[in-house]
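So the structure is just underneath, and the comments pick up after that.
The values are calculated or read from the model by the stated rules, or taken from the named source; none is laboratory data. Worth saying up front: this structure is predicted, and the values here are computed from it rather than measured. Note that we place each Cβ from the backbone using ideal geometry, even for glycine, and neighbour counts take in every protein chain shown.
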Amino acid sequence: MSMDDYFYNGELMKCYELAKQVTSEEEKARAQKYMALFEQYDLDRYPKPTAHGEVQHAERADESYPESDLVVEIRAIEEEEAFAKRIQQLEEAAKTGTPSDRAQSFFTQGELFLFAHHYNESVHCFQQAVKENPNKAVYWGITGQTMHRFGWMPFDALGYLEQAIQLDPINPRWKWNKALVLIQLAKDLQMAPFMANAALALEDALASCGEQQRSLKDAIQNTMDTMDSYVFS
């Protein structure tokens, strides 16, 4: 695949890595433009996944992940003192725990901020979770999804979603979110290749849904049914 192929398919890191390898004088100018664009969005500073034995959990029927169970537990605490103590423990884990513990703490804090509608703080915590454990797809994916939903630039979101798909290529949610960002780019930039690749990503996402993932499947199908209206509205 060419740099353009990767770019229009939302595979920014692959485009970036290919651009760095360009030696042809004819392609150097284009490669430099791609590298400058991606470095603007810090792709060159992304944590490097190693993926040694990391379990990538499937999304459950209620659209949750095991990594979110802790935030459900904390939000169920009604007594103020007990809640404050649990938050203190969470913050302490982010400082003194193992890398896995720190990552989970930051992810949980990010979800708590998300429920409280503090989106900047939420994304910051999710990014910290990625830094502590770059091998868990859900950390990358939820970061990208949150960025897309709450006003970050499309290339910010795509970079994280690409890594989520790379780590967990059978997860339909990350493919769906990638398609949503590509649709946004097709609308904003009026570039048809983004739309064509969004359609392919949606088909792949739908095919990847498990039997129990009916809610997610319905959401993906709805996007497929209405995607033209996103662009031409």
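Listed values, structure above:
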quantity	calculated
Cβ pairs under 7 Å, 6+ apart, first in segment 51-63 and under 18 Å from residue 104 (Cα atoms), second at pLDDT below 95 and surrounded by fewer than 10 Cβ atoms within 10 Å (Cβ to Cβ)	none
Top-ranked residue in segment 142-161 [being within 19 Å of residue 6 (Cα to Cα) and of a type outside the set (A, V, I, L, M); ranked as surrounded by the fewest Cβ atoms within 10 Å (Cβ to Cβ)]	155
Qualifying residue in segment 116-127 (condition: surrounded by 23 or more Cβ atoms within 10 Å (Cβ to Cβ), more than 23 Å from residue 189 (Cβ to Cβ), of a type outside the set (S, T, N, Q) and in contact with a Lys or Arg (Cβ under 8 Å, 6 or more places away or on another chain))	no
Condition broken by residue 47, with the remaining ones in (1) free of Cβ contacts under 8 Å to residues at least 40 places away in the same chain; (2) surrounded by 12 or more Cβ atoms within 10 Å (Cβ to Cβ) satisfied	(1)
Set 63, 81: member being farther than 22 Å from residue 166 by Cα and in the same structural domain as residue 136 (by TED's automatic domain parsing)	81
Residue check, residue 107 within 19 Å of residue 69 (Cβ to Cβ) and under 14 Å from the mean Cα position of the chain (by Cα)	yes
Selected residue [touching a Gly at 6+ places or on another chain (Cβ under 8 Å) and buried (at least 21 other Cβ atoms within 10 Å of the Cβ)] from 205, 164, 186, 198	164
Only one of 33, 14, 95 that is surrounded by 13 or more Cβ atoms within 10 Å (Cβ to Cβ) and either in a helix (DSSP H, G or I) or among the β-branched types (Val, Ile, Thr) (or both)	14
Filtered residues of segment 112-132 (kept if within 20 Å of residue 98 (Cα to Cα) and not β-branched (Val, Ile, Thr))	124, 125, 126, 127, 128, 129, 131, 132
Those helices (runs of 4 or more DSSP H) lying entirely in segment 98-209 with at least 2 residues among the basic types (Lys, Arg)	172-189
